[in-house]
1. So what is the relative contact order of the chain, in percent, for Cα pairs below 8 Å that sit 6 or more residues apart?
2. Just the accessible area per residue of the chain, please: how many Å² with a 1.4 Å probe?
3. Report, ordered by chain and residue number, the aspartates and glutamates lying within cross-link reach of residue 47, taken as a straight Cα distance under 14 Å and ignoring same-chain residues fewer than 8 apart.
4. Ignoring ligands, DNA and RNA, please state the percent of accessible area on the chain from carbon and sulfur, probe 1.4 Å.
5. Ignoring everything but the protein chains, give the 1.4 Å probe accessible area of residue 2 in square angstrom, nearest 10.
6. So what's the chain giving for Cα Rg divided by 2.2 N^0.38 Å, two decimals?
Amino acid sequence: MTDTVHKGSCHCKAVTWEIRAPEQLVVDECECSICDMLGYLHINVEKPDFTLLTGKDNISTYTFNTHVAQHYFCQTCGVKSFYVPRSNPNIFSVNFRCLDQANVKGFEVRSSKGMSWEQVAARMGHTQ
């Protein structure tokens with residue numbers, strides 16, 4: 001698979017970022033409490049493959065439960081376009097719905113049982 005640069009943002013574009021990932025993406029649909037409510041579709045990338053371009057000072061962080069996961073929201077529009085997951089705090093998960101589709105050559109959506117995420121973490125490329 002060929003890697004390319006994909007750009008993404010929140011709704012108002014105050015927070016913009018880019019990732020290096022394959023042109024053909026594997027997207028995980030999680031059913032945990034927060035992802036299900038938000039309709040979040042995960043693309044997991046290693047931290048060196050994520051670059052925050054704009055909006056560092058316009059981000060609010062939300063944590064809950066163990067406070068390991070860092071959910072980042074735009075202070076202007078409220079969109080969570082990326083976060084650090086509890087299941088693997090060494091990666092970023094970006095929301096496929098916030099991705100500019102220009103460089104996406106195709107994608108597959110996999111369902112993940114997020115309510116029992118510990119059982120599917122390995123399949124999603126996460127470690128504990």
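The values are calculated or read from the model by the stated rules, or taken from the named source; none is laboratory data. On a predicted model such as this, the values are computed, not experimentally measured, just so you know. Note: accessible area is taken over every heavy atom of the protein model, side chains too, but ligands, DNA and RNA are not part of it. Shrake-Rupley method; radii C 1.70, N 1.55, O 1.52, S 1.80 Å.
1. After rounding, I find 32 percent.
2. Normalised by residue count, the accessible surface of the chain is 54 Å².
3. By straight Cα distance, residue 47 reaches 18.
4. 50
5. In the full protein context, residue 2 sits at about 80 Å².
6. Numbers: Rg = 13.7 Å, N = 128, 2.2 N^0.38 = 13.9 Å.
Normalised by 2.2 N^0.38 Å, the Cα Rg of the chain equals 0.98.
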